[in-house]
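Shown next, in C-alpha cells, is the structure this report addresses.
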Amino acid sequence: MAKRKLKKSSADTSSVVGAKERQEEMIQPEKYTLLSPSAIVLFVALCVAPLRAERSTSGFPHQRHIVLKMDEALLTVNNELGTEVVVSWVSERCYQCLYQQLGPVPAESSPGQPSSVDFIVSTQHQITLQLTSTTVKTELCKVPFHFGEHGNYSLWVKNLNDSAVVNCSVVTDAEAINSYIPVLIAFVIFAGLALLFAIGRTIYGLQVVRGILFRIGGSLETERLINSELGSPGRIVPPVTDNILPPPPSPSKRLRSLDTFRGISLVIMVFVNYGGGRYWFFRHESWNGLTVADLVFPWFVFIMGTSVALSINSQLRSGSTRCSLLRKVVWRSLQLFIIGVLIINPNYCQGALSWDNLRIPGVLQRLAWSYLVVACLDLLVARGHLDILTSDACWAPGLDILLYWPAWLCVLLLETVWLCLTFLLPVPDCPTGYLGPGGIGDMGLYANCTGGAAGYIDRWLLGDNHIYQNPSSRVIYRTHMPYDPEGVLGSINSILMAFLGLQAGKIILHYRDVHTRIMSRFLIWGLLLGVISAALTKCSTDQGFIPVNKNLWSLSYVTTLACFAYVLLVMVYYTVDVKKWWSGAPFYYPGMNSILVYVGHEVFEEYFPFRWRMVDSQSHAEHLTQNLLATSCWVFISYVLYRKRIFWKI
C-alpha cells in the first residue's frame with residue numbers, strides 16, 4: 001500500500017533518455033610550458049576529485065563526462081555501417097509493448113572511423129535494444145541485455161566478415177557498481193540485532209540470572225521488569241496495572257500473533273511509503289506481477305477482517321446489542337473516510353486542497369469501505385456464544401462456513417458483480433473485458449483504455465480530476481490516462497480480502513485453544529486459494545485468464561495474497577502464541593497502534609528525523625539509511641506509546 005506521490009522523484013530513472021540532453025563538457029586545461037603552483041593544484045584536483053556519479057566514454061579522444069543518476073548506465077553505440085541506424089528499446093517487464101526510440105546513430109564518416117553516440121539506459125530491468133536501418137526500414141539486430149548501475153558499455157554495430165550480415169555486440173568498458181550491497185548490509189545489521197535480542201532473552205530467562213537480579217533488586221518492581229517482554233514469569237505475583245492491556249477480543253485472551261501480523265504489514269508499509277531505498281522491488285509493480293510493496297495493503301485488509309470477527313464476538317458476549325455495534329461500525333467507517341480524504345491526500349503536493357482536483361478514493365477510504373461492508377455482514381450472522389467444532393463428522397470441516405451462509409452468499413454475489421462488470425461492461429473505444437494498462441502496451445492499440453472497465457467506471461462516476469493522476473503504469477507503459485488503484489470496482493475485491501480474513505477469525509473462534517485444528521485449517525485455506533490462483537493465472541505473469549494485478553485488485557491478486565496471508569499467519573501464530581518462541585517484538589508494538597502509526601507517518605513524513613537533506617540524493621545507500629531510520633523511529637514511538645498505555649482507537 002505504498003503511497004503514490006504526485007511529485008516525481010528525481011531518482012525515477014525508468015525512462016531511457018538520450019545522453020546528449022545531460023552532457024557536460026569536460027574542462028580542457030590550457031597547455032603550460034612551466035607549471036605554476038595554481039596549475040599544479042588544479043591538475044591534482046581534477047585527478048583526485050570524486051567521480052562516483054560520473055562515468056566517461058572510454059577508448060576515444062576528447063572524452064566527455066556524463067552525470068549518471070540512480071539506476072542508470074552509459075551506453076555508447078558505435079556504428080561501422082555505411083548507413084544510419086536508429087536505436088530503440090523496450091523493457092522486459094513491458095508486455096507486448098512498442099519499442100521506444102533512443103535516437104539515431106549516423107553512418108561511419110570514413111572507413112575505419114565509426115560514428116559514436118552516447119545514450120543513458122535504465123538498469124532496473126533487462127531491456128532489449130533494437131537497431132533498424134533508416135534507409136531500408138528493416139531490423140538489423142536485437143540485443144537483450146541487463147545493464148548495471150553506473151556501468152559504461154559499448155554497443156558495436158558492424159558487418160560480419162565483410163558480408164551483409166550485421167553483427168551487434170555489447171562490450172563492458174567500465175564495471176557497474178553493486179547497488180544491492182546496502183540492502184545486504186542492512187539485512188546483516190538487523191539480523192545481528194535480532195540475534196542479540198534472542199541471546200539476551202535466553203540469558204534473562206535463566207533461573208540463575210533471574211535469581212541474582214532479584215536478589216540485587218530486592219523488590220517486586222525488579223521482578224516485574226525481569227518478567228517483561230524478555231522473559232516469562234517464574235512465580236505467581238500480584239497483578240501489576242502497568243501490564244494491563246485493552247480488553248481481550250477473543251474468548252480466552254488477546255492473540256499476540258494477530259497484532260504481530262498487523263505490525264509486520266504496517267512496518268513494511270511505512271518503509272515502502274518512505275521510498276524503500278529507491279529500489280524497484282520496493283515500489284509497486286507497473287502493471288501485472290508482484291513486488292514487496294504490493295503485499296502489505298492486502299495483508300492489512302486481511303488482518304482487519306480477522307480482528308472484526310474477534311471484536312464483534314467479544315462485544316456480543318459482553319451484552320452489546322447489534323444496533324449499537326452497527327452505529328459504532330458506521331461512525332468508525334466515516335472517521336476513516338474523512339481522515340483519508342482531508343488529512344492523508346496526495347493532492348496536498350499541489351498546494352491547498354481544492355474540490356476541483358480533490359482525490360476521492362484512497363487507502364483509508366478503501367479500508368473504511370471494506371470494514372463497513374464486512375462488519376455489517378458479520379453483524380448479520382455473528383453469534384455471541386460458539387461451540388468448539390471438534391466433531392469428526394463428514395460435514396464438520398465445513399461447519400464454520402455453513403453457519404454463516406448468508407454472509408458468504410452476499411460476498412459471492414458481490415464477486416459475481418465484479419466479474420460481470422469487468423468482463424461484460426462495454427467500454428467506449430476499448431475491447432470488452434480488457435485488463436491491460438493501455439499506453440504502449442498491447443502494441444499501442446488501446447492507448448486510452450487503461451484499466452478497462454475499472455478505469456472507465458471511476459472516470460464516469462468520479463470524474464478525471466477526482467482520481468489518481470500518476471498511476472504506476474506510467475513508469476513502463478507510458479500511460480497518460482488518470483487511473484486510481486483504490487477505485488470503485490476494485491473495492492469489491494478488497495471486501496473479499498477482508499472477508500477471507502474474517503474467515504480466519506471464525507476459525508480461531510470455533511477452534512479456540514485447539515492449535516492443531518486452527519493451523520491445519522489455515523493451511524487448507526492457503527492451499528485452496530493457491531490452487532485457485534494457479535488456475536486463474538496459468539502460473540504466469542501476463543498470460544492467465546485473470547493476471548495478478550494490484551492496480552486492478554484482480555481476483556487472482558486477492559486469492560494469491562490471501563494464500564500468502566494464511567501461510568504467514570500460521571508461522572506467526574505457531575511461533576508467538578503456540579510455542580511462545582517469539583514475543584512478536586518489535587512488530588507487536590506498531591500492530592497495537594496501527595491507525596496512529598499510519599496517520600502519523602503520512603502527516604510527519606517531511607519532518608526531521610523522518611527526512612533530512614541528503615548529501616547525495618542519487619545514492620541508494622543514503623536513501624535506504626534514511627528510510628530505515630524513519631521506519632525504526634515509528635517502531636520506537638509505538639513502543640513508547642505501548643509502555644505508556646496510549647492506544648488511538650477510532
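The values are calculated or read from the model by the stated rules, or taken from the named source; none is laboratory data. Predicted, not measured: the structure shown is a model, and the values here were computed from it. Positions of Cβ are backbone-derived with ideal geometry, glycine not excepted, and every protein chain shown enters the neighbour counts. For accessibility, only protein heavy atoms count, side chains too; no ligands or nucleic acids. Shrake-Rupley method; radii C 1.70, N 1.55, O 1.52, S 1.80 Å.
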Residue in the range 96-114 that is most open to solvent (accessible area, probe 1.4 Å), counting only those that are polar (S, T, N, Q) and touching a Ser or Thr at 6+ places or on another chain (Cβ under 9 Å): 101
I'd like to know if the range 438-456 contains one or more residues that are open to solvent by 70 Å² or more (accessible area, probe 1.4 Å), out of contact with any Asp or Glu (no Cβ under 9 Å at 6 or more places or on another chain) and part of a loop (DSSP other than H, G, I, E, B). yes
If we scan the range 544-562, do we find a residue that is farther than 20 Å from residue 414 by Cα and open to solvent by 20 Å² or more (accessible area, probe 1.4 Å)? no
Looking at 510, 466, can you tell me which residue is surrounded by fewer than 24 Cβ atoms within 10 Å (Cβ to Cβ) and under 20 Å from residue 359 (Cβ atoms)? 466
For residues in the range 608-650 being without any contact (Cβ under 8 Å) to a residue 24 or more places away in the chain, closer than 18 Å to residue 179 by Cα and not acidic (Asp, Glu), which is surrounded by the most Cβ atoms within 10 Å (Cβ to Cβ)? 614
Here are some residues: 121, 117. Which one is open to solvent by less than 20 Å² (accessible area, probe 1.4 Å), assigned to a strand (DSSP E or B) and of a type outside the set (S, T, N, Q)? 121
For the structure I just gave you, tell me whether residue 401 is more than 28 Å from residue 310 (Cα to Cα) and either aliphatic (A, V, I, L, M) or modelled with pLDDT under 95 (or both). no
Given (1) more than 24 Å from the chain's Cα centre (by Cα); (2) buried (at least 17 other Cβ atoms within 10 Å of the Cβ), where does residue 425 come up short, assuming only one miss? (2)
State yes or no: is residue 416 surrounded by fewer than 21 Cβ atoms within 10 Å (Cβ to Cβ), free of Cβ contacts under 8 Å to residues at least 60 places away in the same chain and not in a loop (DSSP other than H, G, I, E, B)? yes
Limited to the range 270-300, what total is found for residues that are closer than 22 Å to residue 626 by Cα and among the aromatic types (Phe, Trp, Tyr)? 6
